[in-house]
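Just below is one structure, and these are the notes that go with it.
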Amino acid sequence: MTDSYYPKSLSEALELRRETGAIPFAGGTDLMVRFRAQAGTLPKLPHPVLFLGHLEELRQISMDSSGTHIGASALLSDIGVSEHVHPMLSETVMLMASPPLRNLATLAGNIGNASPAGDAVCSLIALDASVVLASLSGERTLLLEEFITGPGKTVMKSDEFIREIVVPADQPDRYWYRKVGTRKANALSKLSLSAMATVHEHRVQDFRAAFGAVGPVVIRRRDLEAQVRGMTLDQLSRETEGIVDAYRPHIIPIDDQRSQAVYRLQASLNLLRRWIDLLMQGG
Ligand SMILES: Cc1cc2nc3c(=O)[nH]c(=O)nc-3n(C[C@H](O)[C@H](O)[C@H](O)COP(=O)(O)OP(=O)(O)OC[C@H]3O[C@@H](n4cnc5c(N)ncnc54)[C@H](O)[C@@H]3O)c2cc1C
């Protein structure tokens, strides 16, 4: 038997988190699988759980001058159709899992799971998103890249949970999201690319590329992005292979049940080439 807590408000949830240390439970689509011994059996959760998925205060999606604020427990299905959400994130969440699961699963759950294959995490990192962590002592805001430190690892303290995710309003003009999986629905990514850019008067003003499932965390190299910024499209064309080669040592996938490292590396670099090609075509 697992102890569980069902708070009636955000403030009660924060009190319970501090008093009991119970772990956040939103849609349960990761937790119920992670702690299940085999298919068809009930999971044995080793910790008490704190239900957060039902709290209206955590399900709002809104926009202000700073950007879009997505409540930790907003459902993927609501995020996918919200007019406030950046289209790359909408497309990403609508390719996650399947419709029934998207009616349970949340963005904070994808982040809290801290998997390098978390699809929403990859696009959120490309979008420079932040997480707002709440506790009874107050709130702190961290870039998502700083929040997740390794597979299953975050810097969240035992009395905190994610209250919301903030996606800045100011974003590059172009984006491209590609997920490579075994099939369209209910397939975790073999690899993914969330790419963004602004090209103005034939010159690259912003360039971003975040790679999922090819390292211990989502790979985004701001140093390499800075080298691409400022290039003309002609330079970009000449330098394509140099850019791809610069990314190569940072894409460090593993073999697992979903794919092989050698395939993941090659396919990631092919996606990067394709993204650069799309920019040169004005796509
Ligand atoms: C069949 C199937 C298909 C799937 N397909 C995909 C896919 O295509 N892409 C993909 O990325 N994932 C996929 N997943 C994984 C999962 O559905 C997602 O990661 C989902 O976003 C998890 O959300 P949740 O609300 O269910 O998380 P939960 O299971 O409730 O929680 C997951 C983790 O997040 C933590 N957490 C939850 N809420 C908070 C909070 N507010 N603050 C801090 N920590 C919190 C929990 O403690 C736990 O560690 C799939 C899962 C299944 C079972």
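The values are calculated or read from the model by the stated rules, or taken from the named source; none is laboratory data. Not measured: the values here are computed from a predicted model. Positions of Cβ are generated from backbone atoms using ideal geometry, with glycine treated the same way; all protein chains shown enter the neighbour counts. Ligands, DNA and RNA are excluded from the accessible area calculation, which covers all protein heavy atoms including side chains. Shrake-Rupley method; radii C 1.70, N 1.55, O 1.52, S 1.80 Å.
Stokes-Einstein diffusion coefficient for the stretch 4-168 at 20 °C in a medium of 1.002 mPa s, Rh from the Kirkwood formula over Cα pairs: what value in µm²/s?
D, rounded to a whole number, is 135 µm²/s.
Accessible area of the stretch 102-166 with a 1.4 Å probe: how many percent of it is carbon plus sulfur?
Summing carbon and sulfur atoms, their accessible area is 50 percent of the total for the stretch 102-166.
Running a GNM on the chain with Cα contacts under 10 Å, which residue among L236, L50, L136 ends up with the highest mean-square fluctuation?
L136
Ordering E56, E15, E145 by accessible area with a probe of 1.4 Å, largest first, what comes out?
Most to least solvent-accessible, the answer reads E56, E15, E145.
Remind me, relative contact order of the chain in percent, using alpha carbon pairs under 8 angstrom and six or more residues apart?
Dividing the mean separation by the residue count of the chain yields 14 percent.
Using amide H atoms built 1.01 Å from N in the peptide plane, name the residues 5+ places from V155, or on other chains, whose amide H lies under 5 Å from its own.
Here the answer is T149, since their amide H atoms fall under 5 Å of that of V155.
Using a 10 angstrom cutoff on alpha carbons, build the Gaussian network for the chain and name the most mobile of L76, L107, L58.
L58
Quick one: in the chain, what % of C-alpha pairs are over 30 Å apart?
Within the chain, distances greater than 30 Å cover 31 percent of Cα pairs.
About its Cα centre, what dipole magnitude does the chain give when the only charges are +1 on Lys and Arg Cβ and -1 on Asp and Glu Cβ, stated in debye to the nearest 20?
Once rounded to the nearest 20, the dipole reads 1000 debye.
Given a 1.4 angstrom probe, I'd like the percentage of the accessible area of the stretch 174-280 that is carbon and sulfur, rounded to a whole number.
49 percent
Using protein chains only and a probe of 1.4 angstrom, how many square angstrom of D64 are accessible, to the nearest 10?
The value for D64 is about 80 Å².
With everything on Cα atoms, drop me the angle between helix 233-247 and the longest principal axis of the chain, reported from 0 to 90° to the nearest 10.
For 233-247 against the chain, the angle is about 50 degrees.
Give me the accessible area of E241, 1.4 Å probe, in Å² rounded to the nearest 10.
Counting only protein heavy atoms, the figure is 90 Å².
Lys/Arg Cβ at +1, Asp/Glu Cβ at -1, dipole of the chain taken about the Cα centre: which of A39, G67, A226 is farthest positive-ward?
Towards the positive end, the residue furthest out is A39.
Just the number please: accessible area per residue for the stretch 4-168, 1.4 Å probe, all protein chains included, in Å².
So the stretch 4-168 comes to 44 Å² accessible per residue, rounded to a whole number.
If the elastic network links every pair of Cα atoms under 10 Å, which of S90, S137, S158 fluctuates the most in the Gaussian network model of the chain?
S137
Using the Cα centre of the chain as origin and beta-carbon charges of +1 (Lys, Arg) and -1 (Asp, Glu), tell me which of A22, G215, S259 is placed farthest towards the positive end of the dipole.
S259
Order the following by accessible area, largest value first: R183, R258. Probe radius 1.4 Å; ligands, DNA and RNA are ignored.
R183, R258
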